[in-house]
């Protein structure tokens, strides 16, 4: 999986090595899932991961895909992205801080690297929460949908 935005990214072999260092057994199913998630602006749903993985390894089950995605999220190797209607999607770009841009018509989801950061939450608006993260999702229409 490559980091986006910094010009130097990690590869799928880097991910697999990190997982091995954590004593995570790299089965053929897990390897195929990692391969499916490798690339630029990858934001696939679990069903889409399963569909692509099934092409490479026909015996892979949807349950294995869900379990593996959940494990990778828990390990910090995947981000779970909820952007509007539709299922959660999974973003392998965990190394470069970024936001997301989603098309409200077709659902296309892109990474956005910006120097603009989310504003800090006023303490009186935190309701006692300890804020540990912020998700920013820009919404609009992609060029294809805007031109239609």
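The values are calculated or read from the model by the stated rules, or taken from the named source; none is laboratory data. Keep in mind it's a predicted model, so treat the numbers as computed, not measured. Every residue, glycine among them, receives a Cβ derived from its backbone with ideal geometry; neighbour counts consider all protein chains shown.
Residues in the range 94-107 that are farther than 13 Å from residue 136 by Cβ and either at pLDDT below 85 or within 13 Å of the chain's Cα centre (by Cα) (or both): 94, 95, 96. Count of the range 36-50 residues, restricted to those that are more than 15 Å from residue 71 (Cβ to Cβ) and modelled with pLDDT under 90, is 5. Among the residues of the range 114-136, not a single one is assigned to a loop (DSSP other than H, G, I, E, B) and surrounded by 15 or more Cβ atoms within 10 Å (Cβ to Cβ).
For the range 1-25, filtering for residues that are in a helix (DSSP H, G or I) and at pLDDT 75 or above leaves 8.
Against the condition within 26 Å of residue 133 (Cβ to Cβ) and more than 10 Å from the chain's Cα centre (by Cα), how does residue 87 come out, does it pass?
yes
What residue, of 67, 93, is touching a strand residue (DSSP E or B) at 6+ places or on another chain (Cβ under 7 Å) and surrounded by 12 or more Cβ atoms within 10 Å (Cβ to Cβ)?
Residue meeting the stated conditions: 93.
The residue of the range 70-90 that is surrounded by the fewest Cβ atoms within 10 Å (Cβ to Cβ), among those that are in contact with a strand residue (DSSP E or B) (Cβ under 6 Å, 6 or more places away or on another chain) and within 19 Å of residue 146 (Cα to Cα), is 84. With respect to (1) without any contact (Cβ under 8 Å) to a residue 24 or more places away in the chain; (2) over 28 Å from residue 26 (Cβ atoms), the lone exception for residue 70 is condition (2).
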